[in-house]
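What follows is a set of notes on a single structure, which appears directly below.
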Amino acid sequence: MKLNGIKLSHRKNTENCETVAAPCPERVVISMSQHIGAPAEPRVKVGDTVKVGTVIGDADTNMTCPVHASVSGRVAKIGELLLPNGKTCKTVEIEADGLQTPDEQLAPPVITDKQSLAAAVRASGCCGMGGAGFPTHVKLAFDETKTHIDTLIINAAECEPYITSDYRELMENTDGVIGGMKLVREVLGIERVCIGIEENKPKAIKIFRDKLSGEKGFEVMKLRSSYPQGAEKVIAYNATGRIISEGKLTSDFGIIVLNASTVGMINRYAETGMPFTSRRVTVDGSAVRKPCNISAPIGTPIIDLLKEADTDTDNMKRLIAGGPMMGISLYDPTLPLLKTTNAFLAFLSEAEKVDPTPCIRCGRCIEACPLGLMPREFERAYDKQDRETLNRLRINLCMNCGSCSYVCPAKRPLAEKNQLAKGLAMSRK
């Protein structure tokens, strides 16, 4: 059995574009909410001097990651930011001195066991770099009395169109990705490591197979190019044949899934002690004259990156953070770069607006859904405000991939209704 999915135009225009470093911005605005989980609280005040890697935010809870200064300079403001998801959070604004001086207290962590690995990863500020942003240390701190992890999956599918930031990590930091894989495997005592790469990346498949040739317990899996191949439950099934049931984590089934850029970042922190202060993003789209991959400090204004890619910002009609399927439309190009952002797509045209027509009951939405859900029935139940039916149909399994809307010939807003339906199903009214 294979899971459903859809075929998309890859549009990997930047696959051969080596990463360029963005100039140090004059000012960064660093959000205290960078991932799934509790936001951090500022640990600095206006006027403080900070250096690259200085902790500027944290929270006294496990389900969070510390936030670090991405530039050296002076704290200019403690403010607030309206995020693209509609929530507000605190920010730390830093006026950069242009020197990018590292914090002198930074040092490679001592990692000897599972606890010290999880502690080091938390201290690094690492969260999933594939878009979801789950705090990585929480994945690594699984309860050994309840589950045995036998498989580590490195997610290098990168199945959305345009985005090549993970691919460039594979090509430019091959040894670092492998080093991160080996570190996690050795410390956690995991028997099997599988790195899954879509078949539209043959160079990466070859280089990893060559590098890992003869390494016992390591496998490079060539995945078929389909969307959403990179979804955690999908890649877990394709790599192991295990179905992750509703309300469960992959760790409940003996699996940890980490993004390729995430393990590369873990390795860099283990070797240098430099925390998560910058990341690579793909900049592409019809408004972009020089599509590219750029590495920039966290908190850099998006407009700076668009200018580096020679984007026609005067005529830009649409800006998306992430991919065209699961990305978020941005209301302001001066918003800051977040840890979880892997791409910015700028377009010269507005999103196509089509009035939906009645459902023709073709079943394409069911065929396209990677989990075999029934999007049209979700829509019907939501319109009736029927929470019982939504829960019976397992609305909470929906991963918001958008495949149902993409294939619907009636152009019904199925993906949007799915998200509204999830909120309704979880409500207590």
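Ranked by the mean number of other Cβ atoms within 10 Å of their residues, highest first, the peptides 97-109, 396-408, 13-25 fall in the order 396-408, 13-25, 97-109. Each DSSP beta bridge with both residues in the chain is either parallel or antiparallel, and the antiparallel ones are about 60%. For segment 114-272, the antiparallel share of DSSP beta bridges with both residues in that region comes to about 5%. Couplings for segment 9-23, taken from phi via the Karplus curve 6.51 cos²θ - 1.76 cosθ + 1.60 with θ = phi - 60°, read 5, 5, 6, 7, 5, 9, 4, 9, 8, 5, 5, 10, 8, 6, x Hz in order; Gly and Pro are left as x. Go through LYS7/LYS203; LYS353/LYS384; LYS146/LYS201; LYS206/LYS307 and tell me which ones have a Cα-Cα distance over 32 Å in this structure. Beyond 32 Å between Cα atoms: LYS146/LYS201; LYS206/LYS307. The convex hull drawn around the Cα atoms of segment 306-429, when projected onto a plane and averaged over every direction, covers 9.5 nm². Within straight-line reach of LYS290, meaning a Cα separation under 16 Å, sit the following aspartates and glutamates at least 8 residues removed in sequence or on another chain: GLU15, GLU18, ASP304, GLU308, ASP310, ASP312, ASP314. Look at the alpha carbon pairs under 8 Å that are at least 6 residues apart: their mean separation over the length of segment 36-175 gives a relative contact order of 19 percent.
For segment 75-138 versus segment 203-272, the spacing of their alpha-carbon centroids is 23 Å.
Computed over the alpha-carbon pairs of segment 89-204, the distance histogram in 5 Å steps reads 2, 8, 15, 19, 19, 15, 11, 8, 2, 0 percent, short to long. Loop-located trypsin sites (Lys or Arg not before Pro) in segment 23-102 (DSSP state not H, G, I, E or B) with no more than 11 neighbouring Cβ atoms inside 10 Å: LYS45, LYS87.
The trypsin sites (Lys or Arg not before Pro) found in segment 232-266 that occupy coil by DSSP, while having at most 16 further C-beta atoms within 10 Å, are ARG242, LYS248. Annotation note: GluC sites (Glu not before Pro) in segment 217-292 located in DSSP loop regions with a Cβ neighbour count of at most 12 within 10 Å are GLU246.
Build a GNM of the chain with springs between Cα atoms under 10 Å apart, and of CYS159, CYS359, CYS292 the one that fluctuates most is CYS359. Seen from all directions on average, segment 1-116 presents a Cα convex hull projection of 12.6 nm².
Put simply, when 121-131, 328-338 are sorted by average Cβ atoms within 10 angstrom per residue, most first, you get 121-131, 328-338.
Subtracting the Cα-Cα distance of ASN400 and THR145 from 0.36 nm times their residue separation leaves 88.6 nm of extension gain. Contact order normalised by length for the chain, with contacts defined as Cα pairs under 8 Å and 6 or more residues apart; what percent is it? With pairs under 8 Å counted, the relative contact order is 18 percent.
Kirkwood radius for segment 114-272, taken over all pairs of different Cα atoms as the inverse mean of 1/r, rounds to 15.5 Å. A helix-only calculation puts the chain at -7500 deg cm²/dmol for mean residue ellipticity at 222 nm, using -39500 (n - 2.57) for each DSSP H run of at least four residues, averaged over all residues.
Using alpha-carbon positions, what is the distance between the centroids of segment 325-391 and segment 187-202, in Å? With segment 325-391 and segment 187-202 each reduced to a Cα centre, they are spaced 30 Å.
Taking a straight Cα-Cα cut-off under 19 Å and skipping sequence neighbours fewer than 8 places away in the same chain, the aspartates and glutamates within cross-link reach of LYS87 are GLU41, ASP58, ASP332, GLU416.
Here the 3J(HN,Hα) profile of segment 249-259, calculated from phi with Karplus coefficients 6.51, -1.76 and 1.60 at θ = phi - 60°, is 9, 4, 5, 5, 10, x, 10, 10, 10, 10, 5 Hz, Gly and Pro shown as x. What number, in percent, do you get for the relative contact order of segment 114-272 if the mean sequence gap of Cα pairs under 8 Å and at least 6 apart is divided by its residue count? In percent, rounded to a whole number, it is 35.
Per residue, the convex hull spanned by the Cα atoms of segment 364-426 amounts to 64 cubic angstrom.
The share of C-alpha pairs in the chain whose separation exceeds 37 Å stands at 23 percent.
Every number in this text was worked out from the coordinates using simple rules, so none of it is lab data. Predicted model only: the values in this text are computed from it and were never measured. Cβ atoms come from the backbone with ideal geometry, glycine included; neighbour counts cover every protein chain shown.
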